[in-house]
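Single-structure report; data block below.
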Amino acid sequence: MSVWVIAEQRDGNLQKVSLELLGKGKELANKLGTNLVAVLAGYEIEKLAKTLIRYGADEVLVLDHILLKNYTTDGYTKAIEKVVKCKNPEIILIGATNIGRDLGPRLAARLKTGLTADCTGLDIDENSKNLLMTRPAFGGNLMATIECPNHRPQMATVRPGVFPLPCPDEKREGKIQKIEVDLKEKDIRTVVEKIVKSLEDKVDITEAKVIVSGGRGLGSKEGFELLKELASLLGGVVGASRAAVDSGWIGKDHQVGQTGKTVRPKLYIACGISGAIQHLAGMQDSEYIIAINKDENAPIMSIADLAIVGDLYKVIPELINEIKAY
Ligand code: FAD
């Protein structure tokens, strides 16, 4: 009956979404009156197990094998499938990262169960005790809640950033169990020859406390220079709507929303962004939202804590001057 989180690590670093899932997973496990188990796969990664316990896992299953050093679909699927079949968890949660989006469906097919991809909400139905998995549908125009009543385990991939990071408890104790992994080179049909890291200056907008985001209202790529200046004065980073990204004004790493990243900073400043539902899906849980828009009826204005009606090219330079003078 246990709830499982497949923890993702890269180069020995746990991905934040795995810790977020432990927070939510604990809540689900409590509602079911069961244990929260984290599965940790890789090579020489056992030291990460304690962190998973601090973040809420009652037990960590460690799958440590040289052939799990780099992620491969075959290797990870085979190793995890075996332990799932042996222990029969009720629920399996996976982060909707590139790796999770690859692993989740393959594992679900092997286990002959369903998978709800890219969830933004999870709960337990009080009567049936089934997992309720919520995700945007029809281009983000409605939220669908999906159940998997007849198959086990119930599986979901979950978008990074939708659940808060739980507070680690340094004193927390749990069980660490090493699982024997039976993998041979011939089980893995692909070979990772080299990992080439992108030289681009990648931003992680999901970690930022302040995001200054720009949309089509900026009118050009150059408009982002103004936003960068404001963001750097506030110690933040620059985000963007999909319209700005699709126009080639800024990289996809900066995109906030349904097909971009989900963020929850302390301060989100939306400049020249109308507030389409797909954009709101990625930022509406921000602590304080300021919207700067020429149109007082733009949807973003109704969810903003502070709505500034005006031309962003007048408002932002004034804001920058005020901050510099402060
Ligand atoms: P617009 O809607 O064109 O809004 C521009 C705004 O700027 C207007 O409100 C205007 O009044 C204002 N403005 C213009 N000039 C100025 C000025 N000088 N000063 C102040 N204000 C000004 N969108 C996302 O953002 N993220 C996503 O992840 C995403 N995923 C999607 C997924 C699907 C399946 C679909 C169908 C759509 C998705 N979209 C996403 C697109 C979304 O529907 C909108 O098209 C997009 O968010 C609009 O971007 P925008 O607000 O920048 O542009």
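Could you list Y326, Y268, Y313 in order of exposure, starting from the residue whose Cβ has the fewest other Cβ atoms within 10 Å?
Details: Y326 6, Y268 28, Y313 15.
The most exposed by this proxy come first: Y326, Y313, Y268.
I want to check the label-to-label distance for L32 and K47. Put each point 7 Å from Cα in the C-beta direction and report it in nm to one decimal.
Between L32 and K47, the simple spin-label model gives 3.2 nm.
What angle do you read, to the nearest 10 degrees and between 0 and 90, between the alpha-carbon axis of helix 16-32 and the longest principal axis of the chain?
60
Just to confirm the filter: which trypsin sites (Lys or Arg not before Pro) across the stretch 118-202 are DSSP coil and have at most 15 other Cβ within 10 angstrom of their Cβ? Present the calculation step by step, with values, prior to reporting the outcome.
Values: sites: K129, K171, R172, K175, K178, K184, K186, R189, K194, K197, K202; in loops: K129, K171, R172, K184, R189, K194, K197, K202.
Answer by residue number: K129, K171, R172, K184, R189, K194, K197, K202.
Identify all aspartates and glutamates with a Cα-Cα distance to K112 below 15 Å; exclude those on the same chain that are fewer than 8 residues away in sequence.
E81, E90
Note down the nm distance, to one decimal, between modelled labels 7 Å out along Cα→Cβ at S232 and at T145.
That separation, rounded to one decimal, is 4.7 nm.
Cross-link partners among lysines for K294, C-alpha distance below 23 Å, same-chain residues fewer than 8 apart left out?
K221, K228, K314
May I ask what percent, to the nearest 5, of DSSP beta bridges between residues of the chain are antiparallel?
20
In degrees between 0 and 90, to the nearest 10, how far off the longest principal axis of the chain does helix 312-325 point, with axes built from Cα atoms?
90
Could you state the number of Å between the C-alpha centres of the stretch 132-200 and the stretch 215-267?
One Cα centre to the other: 27 Å.
Longer than 23 Å from Cα to Cα, which of K82/K178; K47/K178; K78/K129; K16/K324; K129/K178 are they? Say none if no pair is.
K78/K129; K16/K324; K129/K178
What FRET efficiency would be calculated for the residue pair D125, K314, taking the C-beta separation as r and a Förster radius of 35 Å, to the nearest 0.05?
The calculated FRET efficiency here is 0.10.
Neighbouring Cβ atoms within 10 Å as the yardstick, rank M133, M1, M301 fewest first. Intermediate results must be reported in sequence, preceding the final value.
Working: M133 27, M1 13, M301 20.
Ascending Cβ contact count within 10 Å gives the list M1, M301, M133.
Order of H65, H279, H151, H254 from fewest to most other C-beta atoms within 10 Å?
The fewest-first ordering by Cβ neighbours comes to H151, H65, H254, H279.
Bear in mind these aren't lab numbers, they're just calculated from the coordinates by the rules spelled out. Since this is a predicted model, take the numbers as computed values, not measurements. Reconstructed Cβ throughout: ideal geometry from the backbone, glycine too, with neighbour counts over all protein chains shown.
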